[in-house]
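Below is one structure; the comments refer to it alone.
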Amino acid sequence: MAVSTELAAKQREVIFDDMDAVTQDVALEGQRTFVQGMQVAAVLAWDIGALVDQVYSAEHFNEAQRKREVKKLAAYWNQPEMNPTKLYDLRNVAVTFDREFLQSQVEEPLSNGSYLSWSHFKELQKVGNEKRQLSILKKVRKNSWSANEL
């Protein structure tokens, strides 16, 4: 993977060097905007997951009631791809990782200059062991693995 990451970085550098100065300024500003958007999206996903956990952890619900209430929540929010399964995934990430940890992690670039997404954390939370999660996270950064590769 490192070879393709290096190649992609070199290709981007060639493209950037071929740009007019105005286009270079726009490219850099746009890149900062994309990064900010991805960071906000990851933290927003965590926040939604924490909200879902309030329903999931309500002591007066049994398991069947929790499932019904999460389905109602998904229906009420009426967002694309925001089905009960996604809400459970959001919740699982929120209860596995501290918000500040997630936020700090999405601000640090991978070796290829891209950033972690919420999907990386969705996959990492499946590991369960915090020490192993951190070890995998280090490899993700070094190798610039996508969430799918993770």
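Quick notes on this structure:
- Residues (within 12 Å of the chain's Cα centre (by Cα) and among the polar types (S, T, N, Q)) located in the range 115-146: Ser117, Ser119, Gln125, Ser146
- Asp89 being of a type in the set (Asp, Glu) and open to solvent by less than 50 Å² (accessible area, probe 1.4 Å): yes
- Positions within the range 12-60 being charged (D, E, K, R) and either surrounded by 13 or more Cβ atoms within 10 Å (Cβ to Cβ) or touching a residue at least 40 places away in the same chain (Cβ under 8 Å) (or both), in sequence order: Arg12, Asp47, Asp53
- Residues of the range 126-150 classified as of a type in the set (Gly, Ala, Ser) and either assigned to a helix (DSSP H, G or I) or touching an Asp or Glu at 6+ places or on another chain (Cβ under 6 Å) (or both), total: 2
- Some residue of the range 61-71 being touching a helix residue (DSSP H, G or I) at 6+ places or on another chain (Cβ under 6 Å) and open to solvent by less than 50 Å² (accessible area, probe 1.4 Å): yes
- In the range 126-149, the residues that are open to solvent by 30 Å² or more (accessible area, probe 1.4 Å) and farther than 24 Å from Gln11 by Cα: Lys126, Val127, Gly128, Asn129, Glu130, Lys131, Arg132, Leu134, Ser135, Lys138
- For the range 100-134, a residue qualifies if it is aliphatic (A, V, I, L, M) and within 17 Å of Ile48 (Cβ to Cβ), and the qualifying residues are Leu102, Val106.
The values are calculated or read from the model by the stated rules, or taken from the named source; none is laboratory data. Note that the coordinates shown come from a computational prediction; the quantities given were computed from them, not determined experimentally. Neighbour counts run over all protein chains shown; Cβ positions are idealised from the backbone, glycine included. Ligands, DNA and RNA are excluded from the accessible area calculation, which covers all protein heavy atoms including side chains. Shrake-Rupley method; radii C 1.70, N 1.55, O 1.52, S 1.80 Å.
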